[in-house]
Structures are given as structure tokens and as C-alpha cells.
Amino acid sequence: MITGILLFGSFALFLVLGVPIAMALGVATLLTLKVIYPELSLGIVTQRMFAAMDSVSIMAIPFFVLAGNLMTKGGISRRLVDFSNQIVGNVRGGMAAALVIACAFFAALSGSAPATVVAIGAMLYPDMVKLGYPKTRTAGLLVVSGGLGPIIPPSIIMIVYGTITGASISQMFKAGMYIGLMIVAALLVLVFIYARKENWPKNMEKFSLAKLVKTFFGAIPALMLPIIILGGIYSGLFTATEAAAVAVIWALVVGMFIYRELSFKDLWPIFLSSGKSATMVLFIIATSTAFAWLFTFSGLAQLMISSITAMHLSPTLYCLIVAIILLIFGTFLEGVATAVLLVPVLWPIANSLGVNIIHFGMIVSISNVIGTMTPPVAVNIFSAASVTHLKMGDIVKGEIPFFVGYTGVFFLVVLVAKISTFML
């Protein structure tokens, strides 16, 4: 008990003091190990951190981060936005619907929620505000639609989950694709309801088959990327990590030689920013793994497992409890850290109750995305604020109806396991 109080108490204190999550996890682990287990070498922490990185699947993360940045700078996201706009046509709230569809397309390329918010928001938000769309509602829709990034594959959080549990990443991607489309449908319904309710403007241009065809052909190189990635993974041609490397190569080819919006001088800043972003994620995984190891080594994990098992919960009730726990953790902890900390403890219990590993993975993945939309640690809201220059409180108010729709699909997934598994 003392170990748990010191481990989680020091971690919470460091977070309150403003220490970055990765550092807070690492220092809390070192402090607890030194105080409670002075006979053990602190070198164990570095060993555990290195072991967390010694995984082929983990290597997919920096590749997908780099691919996403290359796509944003290489003109891919703009052509996806143009194509999405033509799909919707001249309907009330059409650009809002185009925003949702564009986020879905970009999600199939980047695997990152903040990247989706920034890339699509920077292009559509200013134009939508000029046309008369309500600022806060539009920003809120951007926050929630950006949450498609980690659900529609490829997905960084699904790769992390698969690495921890041994779940098939390709099966996770299949389930994520279907559930992502469900979320898109729910958001589009809400968009058209609120467009009529709040009298949002119509698209300025009327539907044109010629323009639809033109924008489609312009977007083909961009649309080929998810086909290459997912087709290669599902066919067994290459692994998720190899698919990420292929995504980088294709994004380079498209940006430099097809769209010609990338030059050699653009590459170094892109590589640098991608390296920083990927390092942050990998560092969180490394320190979270060390933190989780100490939690298990101390016997606290086994005590928690025994306590929950003794309650004789049904699989559905257990999944519901786990969903609530993950949602709570997601309000103050970054998604990858939450997964690395809690999945090693929560999954063995779920497995003993007969919960499907892919169903459980969808619960973990979607709950982590919801965490990006809920303050105080809400990277989607921070990302939207950087694009829209609105206050966080205003964005939160604007996102409420779309957040409720997204969360509604989440709890449907939690309670109905077949939604996650029927395509497998």
C-alpha cells in the first residue's frame, strides 16, 4: 500500500507542478524504487525502458508520424479537403460535413488526432468562419472529428495495444475501420441536424460532376496511400511497421514528384519536427513501461486483479467499468501512457472473463481518443485552439453535441462486443 501511495502520489505531485508526463513517470519510478527497494539497482529502470523500445512494432510510430507530416506539407491534405467539399455538394452545412469527411480521409493517412485537427482545421476553419459558420461550434466539430485519427487505421494507439497484448494489429485495424465509419455517420447526422437548427450556411458552389471528377483525379495519389498501407497489411504482404515505412516513401514521392509541393530544403525541418514528436511518444512509452513494471513488481497489480476477480463481474459489466476507468484517466493522462500503464493490469482480468482481445482493444483505443477531447489534458482542444485562436472553454462548449454523439458510439461498442468482432 505504501508503495502505491508513494508511486502514484509522487507522480500526481509532479504533474501538478507542471513536470512533463514522461519525466513525471520516470522520476516517480526512480524515487519509489530508491525509497521502498533500496537494495535494487536503479539500472533496472533503464533496462525496462530499453526493453520497451526493443520492439519491431514500436518502430511503426516514428514512421507514421513522419508520413503524416510529409502529407500535410506535401499538398495531400489540401486535395483531400477539395475532394471532400465536392462530395457533399450544395447543401446546408455542407462545409461542416466536408470537414468530417476530410478528417476521415486524413485519419486514414496519419493515425494521429492532433495532426488531423491541425492539418484539416488550418484549411477549412478560416473559410467556414468567413461563410458564417458559428466559430465555437465549428471548432468543437473539428476537435471531435479529429478524434477519427487514432480510430480509422493506421493507428498509433492500436499499434501500442497490439505490442502490449500480442493482439493482431491487422485485425485491430479492420475493427477500427468499421467503427470509424460508424462515428463518421453519427457526426454527419449531428452536423445536418445542427445545420438546420442553427441555420448554418450552404456551400457557395453548386454540385458539379465535372469538378467532382477533377478533384477525385487530383486526390488519387493521396487516396492511394491508405489502399497501399491497409491492402498490404491485410494481404500479408508487409507488417504494420513495413507499411509505415512504405507510407513515408509514398508521401515523399507524391509530395516531391507528383504534387511538387515539397522540395529538398523542406525535408530537414519536417524530419526534425517529426523526430521531436516521435521521441516524445516513445519516451512516454519507455517511462510508462518502467512505471508499470514497478506497479506489478510491488504486488499492487496482482492485488487489484484479485480484488476485481473476487467481485465475479460479468464480461459486459467489467468492460463498462474499464471504460469508465479509462475515461477518467484520459482526462489527466496522455493516451499512450494510459494504455501502457493500465492495459497490462486490466487485460489479464478481461482475458480470464472471456473478453475478446480485439473488443477490449477497441475499448482502450476509443477511450484514449475521448481523452484527447476532455480537459485538462486535451491535445485536440489545444490543437484546435492553436488553429482557431479561441479560448478552451468556448471550444469545449461548442463540441458538446458532437462529443455526446462520439461517446454514444463508444458505449455502444463497449456494450455490444459483436460490433468490434463481426468482421474478423
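The values are calculated or read from the model by the stated rules, or taken from the named source; none is laboratory data. Keep in mind the model is a prediction, meaning the values are calculated, not measured. Cβ atoms come from the backbone with ideal geometry, glycine included; neighbour counts cover every protein chain shown. These area figures cover heavy atoms from the full protein model, side chains too; ligands, DNA and RNA do not enter into them. Shrake-Rupley method; radii C 1.70, N 1.55, O 1.52, S 1.80 Å.
Assorted remarks:
- Answer from GLY146, GLY166 - the residue that is open to solvent by less than 10 Å² (accessible area, probe 1.4 Å) and of a type outside the set (D, E, K, R): GLY146
- Of all residue pairs spaced 6 or more apart or on separate chains, those with beta-carbon atoms under 7 Å, a first member in the range 255-272 that is under 16 Å from GLY75 (Cα atoms) and β-branched (Val, Ile, Thr) and a second member that is open to solvent by 30 Å² or more (accessible area, probe 1.4 Å) and modelled with pLDDT under 90 are ILE270/ASN69; ILE270/LYS73.
- Residue among LEU267, LEU262, LEU326, LEU272 that is open to solvent by 50 Å² or more (accessible area, probe 1.4 Å) and modelled with pLDDT of 85 or more: LEU272
- Any hit, the range 210-218, residues being β-branched (Val, Ile, Thr) and closer than 30 Å to VAL56 by Cα: no
- Pairs, first in contact (Cβ under 8 Å) with a residue 24 or more places away in the chain in the range 210-227, second open to solvent by 70 Å² or more (accessible area, probe 1.4 Å) and of a type in the set (D, E, K, R), C-beta under 8 Å, six or more apart: LYS211/GLU205
- When ALA292 is tested against (1) at pLDDT 85 or above; (2) small (Gly, Ala, Ser); (3) over 21 Å from the mean Cα position of the chain (by Cα), only condition (1) is not met.
Each row is one residue, and each column tells you yes or no for (1) at pLDDT 80 or above; (2) polar (S, T, N, Q).
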site: LEU313; (1), (2): yes, no
site: THR338; (1), (2): yes, yes
site: ILE363; (1), (2): yes, no
site: SER367; (1), (2): yes, yes
site: PRO375; (1), (2): no, no
site: GLY393; (1), (2): yes, no
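- Of the residues LYS202, LYS211, the single one that is farther than 22 Å from SER77 by Cβ and surrounded by 15 or more Cβ atoms within 10 Å (Cβ to Cβ) is LYS202.
- Residues considered: THR372, THR331. Of these, the only one that is in contact (Cβ under 8 Å) with a residue 12 or more places away in the chain, under 19 Å from ILE152 (Cα atoms) and open to solvent by 10 Å² or more (accessible area, probe 1.4 Å) is THR372.
- Selection from the range 389-424 of residues that are touching a residue at least 40 places away in the same chain (Cβ under 8 Å), among the β-branched types (Val, Ile, Thr) and either part of a loop (DSSP other than H, G, I, E, B) or open to solvent by less than 10 Å² (accessible area, probe 1.4 Å) (or both): ILE395, VAL413, VAL414
- Hits in the range 1-29 - residues which are more than 27 Å from the chain's Cα centre (by Cα) and either charged (D, E, K, R) or open to solvent by 70 Å² or more (accessible area, probe 1.4 Å) (or both): MET1, ILE2, ILE5
- Filter result for TYR161 (open to solvent by less than 30 Å² (accessible area, probe 1.4 Å) and assigned to a helix (DSSP H, G or I)): yes
- Contacts under 9 angstrom Cβ, first residue in the range 133-150 being under 15 Å from HIS389 (Cα atoms) and in a helix (DSSP H, G or I), partner open to solvent by less than 10 Å² (accessible area, probe 1.4 Å) and of a type in the set (Lys, Arg), 6 or more apart: none
Residues are listed down the side, and each one gets a yes or a no for (1) of a type outside the set (A, V, I, L, M); (2) over 15 Å from the mean Cα position of the chain (by Cα); (3) modelled with pLDDT of 85 or more:
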residue: ASN90; (1), (2), (3): yes, yes, no
residue: ALA119; (1), (2), (3): no, no, no
residue: GLY132; (1), (2), (3): yes, yes, yes
residue: SER155; (1), (2), (3): yes, no, no
residue: TYR161; (1), (2), (3): yes, no, yes
residue: TYR178; (1), (2), (3): yes, yes, yes
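- Which numbered condition SER55 misses (of (1) open to solvent by 20 Å² or more (accessible area, probe 1.4 Å); (2) among the small types (Gly, Ala, Ser); (3) assigned to a helix (DSSP H, G or I)): (3)
- Flag for ILE381 being part of a helix (DSSP H, G or I), surrounded by fewer than 16 Cβ atoms within 10 Å (Cβ to Cβ), out of contact with any Leu (no Cβ under 8 Å at 6 or more places or on another chain) and of a type in the set (A, V, I, L, M): no
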